[in-house]
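The values are calculated or read from the model by the stated rules, or taken from the named source; none is laboratory data. In this text the structure is predicted, and so the values were computed from the model without any measurement. For neighbour counting, all protein chains shown are included, and Cβ atoms are generated from backbone atoms with ideal geometry for every residue, glycine included.
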Protein chains: 2
Amino acid sequence: MNQEGRPQAPLMSNPRADRVRDVAKLAGRSSRLKTGRFLAEGPQAVREALSAHRAAAAVGGPAVVHEVYATQACLDRLPELADLARGTVLRLATDEVLAAMADTVTPQGIVAVCAISTATLADVLASGAKLVAVLCEVRDPGNAGTVLRAADSAGADAVVLTASSVDIFNPKAVRSTAGSLFHLPVITGADFSETVAALKDAGATVLAADGYGNVNLDRLQDLSAVRRAGGSIPAGADDGALPRLEASTAWLFGNEAQGLSDAELAAADYRVAVPLYGSAESLNVGTAATVCLYASARAQHN
Amino acid sequence: MNQEGRPQAPLMSNPRADRVRDVAKLAGRSSRLKTGRFLAEGPQAVREALSAHRAAAAVGGPAVVHEVYATQACLDRLPELADLARGTVLRLATDEVLAAMADTVTPQGIVAVCAISTATLADVLASGAKLVAVLCEVRDPGNAGTVLRAADSAGADAVVLTASSVDIFNPKAVRSTAGSLFHLPVITGADFSETVAALKDAGATVLAADGYGNVNLDRLQDLSAVRRAGGSIPAGADDGALPRLEASTAWLFGNEAQGLSDAELAAADYRVAVPLYGSAESLNVGTAATVCLYASARAQHN
């Protein structure tokens, strides 16, 4: 640790220090709510957090990272992380201190205290969002993480989690997002009805991903591909009434056991089914979201 | 337990009995290899296993389920499982015995000792397979399970795991497949080169899912949609040389950290990239496989 512009800080070596306990407490929801902070653990997550922090700082945005704690061994092994951390508070700590702070058994020598995003759906919509994923009562951190990663890969503009969904900032969920948490606005604790109303006001078509839906996603994709190619195909009876995947779209994804509720389904403009070609009884919410979001991305980008 | 045709068996109550230990040993690879059996735990997995067993029995196929162990409370709660189990060996056991047999903390009152499939790629290809997924050194049970479920949903004809891939019959992997293990042939321990040679001999186009691939999956999907609609679009320079998703296809999916090796890539006919629209650095293998297999399914079925 001998970088220009950063004060040398003493090595943190007491795993029972107040500051260490405060960081460890971020594994709990109440502490996250009180402080507006959460913990990213391990080199990959911290790298993504720091990259997002620098990108935000470059445009005068709010801080993404408050503090980074790392072992000297980690910084020796991954010197680019020390470079990336310039402009944030980087403190050296022992392995014992890192272990006391982290939820993972092996935080691999580095953690970052990050700011929970204060982005709002209104902000996202005002900036011209074309693709939004809404998670309705998704409870499993792994599923929420899979959907967030799929949304990130598909270039979605935001992910919204309704109030009774899993807390995406809990350590297991943060890990499952593999950094995507820092790539796009994630709006939590949203009221379902207000969210759908805002999306519709902004001109988005609201599509419910529903295994029993009467609209076949593959038909939408084929119609979109032909339309974008400037072609035409023999029209089905109802094709004119079908949603266009090229348009601004919000997808609703439901609870892993029950799917979307009747009220949630009724709020959507269309109920869209991902067809099942094999013997699977239903699609995992992560798989369904991947297929739906990629269908939209393909239509919107090509 | 008073069903016609099934002998009354005494309640199994000794968690240290040899038979209980033999079942518990199936959590280990060596016992699975020796016996050709694995354990399905919980009502959902057992239901799928028994359904597959009945379907196989109806066509004179080999046994899928050897024995079922359940608590009376479970059978009282889910009487359809007792019905499904007719024709197999169903033994009543105590909660303690079930707990000693199972890898899960709560097997929910029922487990089944199942036969590891002896299906071969030659059988699958001889029956006219159009869509096969090959997992090359995929190591994480959750990822393998996600790919298997996606293959099942997409109506794939088989999943092949190469020799150094995760053992899909270990308890965690079995759970992650959520029953799909019983829906399509799963071929394990395959030699990579022999597998690719057999696929090509059978006329399949071998596509490597590769983030750096020079063929864009979205272009393939658009070309396929327009072709199936009987239309035409302005041809790109190389479109004529591109693979057709409607054709018989085998997808290669690589290791989660390294992707496909150079040798594996070289063995494929084409290297196909799923485009990334957002900031994600790469796709999780489960997500990539979902998008690729669904693209093939859509082209082959519509």
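Of all residues in the stretch A:269-286, count the ones that are among the small types (Gly, Ala, Ser), in a loop (DSSP other than H, G, I, E, B) and at the interface with another protein chain (Cβ under 8 Å from one of its Cβ atoms). Please lay out each step first, then the result.
Taking the stretch A:269-286 and keeping what is among the small types (Gly, Ala, Ser), we get A:273, A:278-280, A:282, A:286.
Applying the additional criterion that residues be in a loop (DSSP other than H, G, I, E, B) yields A:278-280, A:282.
Now narrow it down to the ones that are at the interface with another protein chain (Cβ under 8 Å from one of its Cβ atoms): A:278-280.
Number satisfying all stated conditions: 3.
Quick one: is residue A:154 within 14 Å of chain B (Cβ to nearest Cβ) and either of a type in the set (D, E, K, R) or within 13 Å of the chain's Cα centre (by Cα) (or both)?
Working: within 14 Å of chain B (Cβ to nearest Cβ): yes; either of a type in the set (D, E, K, R) or within 13 Å of the chain's Cα centre (by Cα) (or both): yes.
Criteria met by residue A:154.
Considering only residues of the stretch B:176-223 that are more than 11 Å from chain A (Cβ to nearest Cβ) and at positive phi, which is surrounded by the fewest Cβ atoms within 10 Å (Cβ to Cβ)?
The qualifying residue surrounded by the fewest Cβ atoms within 10 Å (Cβ to Cβ) is B:203.
Could you check, for the stretch A:161-173, whether at least one of its residues is within 8 Å of the chain's Cα centre (by Cα) and either of a type in the set (Gly, Ala, Ser) or within 9 Å of chain B (Cβ to nearest Cβ) (or both)?
no
Pairs, please: C-beta under 8 Å, at least 6 apart or cross-chain, first residue over 22 Å from residue A:169 (Cα atoms) and in the stretch A:90-110, second part of a strand (DSSP E or B) and small (Gly, Ala, Ser)?
Short answer, once both residue conditions are applied: A:91/A:70; A:92/A:70; A:93/A:70.
Are any of the residues in the stretch A:224-241 more than 30 Å from residue B:49 (Cβ to Cβ), part of a helix (DSSP H, G or I), more than 10 Å from chain B (Cβ to nearest Cβ) and modelled with pLDDT of 95 or more?
no
For the structure I just gave you, tell me whether residue A:247 is surrounded by fewer than 17 Cβ atoms within 10 Å (Cβ to Cβ), under 27 Å from residue A:127 (Cβ atoms) and away from chain B (no Cβ under 14 Å). Walk me through how you get there before you give the answer.
On the way: surrounded by fewer than 17 Cβ atoms within 10 Å (Cβ to Cβ): yes; under 27 Å from residue A:127 (Cβ atoms): yes; away from chain B (no Cβ under 14 Å): yes.
Taking the combined requirement at face value, the residue satisfies it.
Of all the residues that make up the stretch B:155-170, how many are surrounded by fewer than 22 Cβ atoms within 10 Å (Cβ to Cβ) and touching a residue at least 40 places away in the same chain (Cβ under 8 Å)?
Count: 2.
Only residues that are assigned to a loop (DSSP other than H, G, I, E, B) and either assigned by TED's automatic domain parsing to the domain that holds residue B:171 or modelled with pLDDT under 90 (or both): list them for the stretch B:53-74, please. Can you show your working first?
Pass one, the stretch B:53-74, residues assigned to a loop (DSSP other than H, G, I, E, B): B:59-64, B:71.
Hits for the stretch B:53-74 are B:59, B:60, B:61, B:62.
In the stretch A:126-136, is there at least one residue being in contact with a helix residue (DSSP H, G or I) (Cβ under 8 Å, 6 or more places away or on another chain), in the same structural domain as residue A:285 (by TED's automatic domain parsing) and modelled with pLDDT under 95?
Residues of the stretch A:126-136 in contact with a helix residue (DSSP H, G or I) (Cβ under 8 Å, 6 or more places away or on another chain): A:130-136.
This time we only want the ones that are in the same structural domain as residue A:285 (by TED's automatic domain parsing), so: A:130-136.
Next cut, modelled with pLDDT under 95 only: none.
Within the stretch A:126-136, not a single residue is in contact with a helix residue (DSSP H, G or I) (Cβ under 8 Å, 6 or more places away or on another chain), in the same structural domain as residue A:285 (by TED's automatic domain parsing) and modelled with pLDDT under 95.
Considering (1) closer than 15 Å to residue A:144 by Cα; (2) at pLDDT 95 or above; (3) in a loop (DSSP other than H, G, I, E, B), say which one residue A:252 fails and leave the rest.
Of (1) closer than 15 Å to residue A:144 by Cα; (2) at pLDDT 95 or above; (3) in a loop (DSSP other than H, G, I, E, B), only one is false for residue A:252: (3).
From (1) at the interface with another protein chain (Cβ under 8 Å from one of its Cβ atoms); (2) touching a residue at least 12 places away in the same chain (Cβ under 8 Å); (3) not charged (D, E, K, R), pick out the condition that doesn't hold for residue B:289.
Only one criterion is unmet by residue B:289, namely (1).
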